[in-house]
Each structure stands twice: as structure tokens, then as C-alpha cells.
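Peer 1: Below is one structure. I have some questions about it.
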Amino acid sequence: MAEIFHFSEKSFEYDEFVKCLEELLWSIEKGKALYPHFFSAQAITISIGSSAQSLQTNYDYWSHIKESLVKILIIDKKIRPDVFDDNLTAEKFVDYVFELFLHVILSDDKNNGLIKFVQNSIY
């Protein structure tokens, strides 16, 4: 799965959540050019069932991305100070955004609605 995320042309260091999300979406598009059916095949494999090791690898990979998104969200100085509280934590926000991110990559949604949604939500 690491081959799908092509961060090699840009920095791994982000201090803005939206910039990182844009980079993730960009890397997915680059990866889809190399492996056009990766995410649809991946989704089918997971829904039908696969080995515990394969599921764990996928879970670990996605968890790592989510953890990185939370870290970036916490250091993003552009975020309005009233966005997060006990009802909506940075972790919960990333969970929501990640669900939408998965929808975008699985549905081949090429518009930037997700980016605009996030920008309007936190900035």
C-alpha cells in the first residue's frame, strides 16, 4: 500500500492540516495512475474477507495515517480556537474526515469538496 502514497516529491513535514490532506489526495491520484483498480479491489477484498495478517497490515497503515493527521491538526496554527472541545476532539474530527477521505478515494470523486468542507470547518 505504501507505493500508492507517493510523498517522495514533496516534504513529509506539514504544519497545516489541509495541505497534508491535499497531499494525501494528490498521492492517491498518482497511485491510481499506476494501479487503476487498487482501491476498488482493496475494498472488495476486505469486504469478502482476507487473512488476519492482511487486515492487520491495512489497519496499521490507515492508523498510522490517521495518527499523523491528528498530530498535524494539533499543530496547525490557522485553526480557529473554538473548533475543538470535549464534544469534538481532534481525534474525532480526524475520524470523520478520514471516513470522508475513504469515500472520496473509493468513489473516484475528483472535485475538491472534501478540502472545502475541511477548510470551512476548521479555519
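Peer 1: Assess whether Glu13 counts as being more than 13 Å from the chain's Cα centre (by Cα), at pLDDT below 60, loosely packed, with under 15 Cβ neighbours inside 10 Å and outside any helix (DSSP H, G or I). Before you say what the answer is, go through the steps one by one.
Peer 2: Numbers: more than 13 Å from the chain's Cα centre (by Cα): yes; at pLDDT below 60: no; loosely packed, with under 15 Cβ neighbours inside 10 Å: yes; outside any helix (DSSP H, G or I): yes.
The answer is no for Glu13.
Peer 1: Hey, does the stretch 51-61 have a residue that's under 14 Å from the mean Cα position of the chain (by Cα), among the hydroxyl-bearing types (Ser, Thr, Tyr), open to solvent by 80 Å² or more (accessible area, probe 1.4 Å) and at pLDDT below 75?
Peer 2: Checked against the condition, which is being under 14 Å from the mean Cα position of the chain (by Cα), among the hydroxyl-bearing types (Ser, Thr, Tyr), open to solvent by 80 Å² or more (accessible area, probe 1.4 Å) and at pLDDT below 75, the stretch 51-61 yields at least one hit.
Peer 1: Please count how many residues of the stretch 77-107 are under 25 Å from Glu29 (Cα atoms) and in contact (Cβ under 8 Å) with a residue 60 or more places away in the chain.
Peer 2: Count: 5.
Peer 1: Looking at the stretch 75-123, which of its residues are more than 30 Å from Ala33 (Cα to Cα), surrounded by 11 or more Cβ atoms within 10 Å (Cβ to Cβ) and of a type in the set (Lys, Arg)?
Peer 2: Of everything in the stretch 75-123, those that are more than 30 Å from Ala33 (Cα to Cα), surrounded by 11 or more Cβ atoms within 10 Å (Cβ to Cβ) and of a type in the set (Lys, Arg) turn out to be Lys78, Lys92.
Peer 1: Please verify whether the stretch 86-100 includes one or more residues that are of a type in the set (Asp, Glu), at pLDDT 95 or above and closer than 17 Å to Trp62 by Cβ. I'd like the intermediate steps shown before the answer.
Peer 2: Pass one, the stretch 86-100, residues of a type in the set (Asp, Glu): 86, 91, 95, 99.
Still in the list and also at pLDDT 95 or above: 86, 91, 95.
So of that shortlist, the ones also closer than 17 Å to Trp62 by Cβ come out as 91, 95.
There is at least one residue in the stretch 86-100 that is of a type in the set (Asp, Glu), at pLDDT 95 or above and closer than 17 Å to Trp62 by Cβ.
The values are calculated or read from the model by the stated rules, or taken from the named source; none is laboratory data. Keep in mind it's a predicted model, so treat the numbers as computed, not measured. Backbone-built Cβ (ideal geometry, glycine too); neighbour counts: all protein chains shown. Heads up: the accessible areas ignore ligands, DNA and RNA and are worked out on the full protein's heavy atoms, side chains in. Shrake-Rupley method; radii C 1.70, N 1.55, O 1.52, S 1.80 Å.
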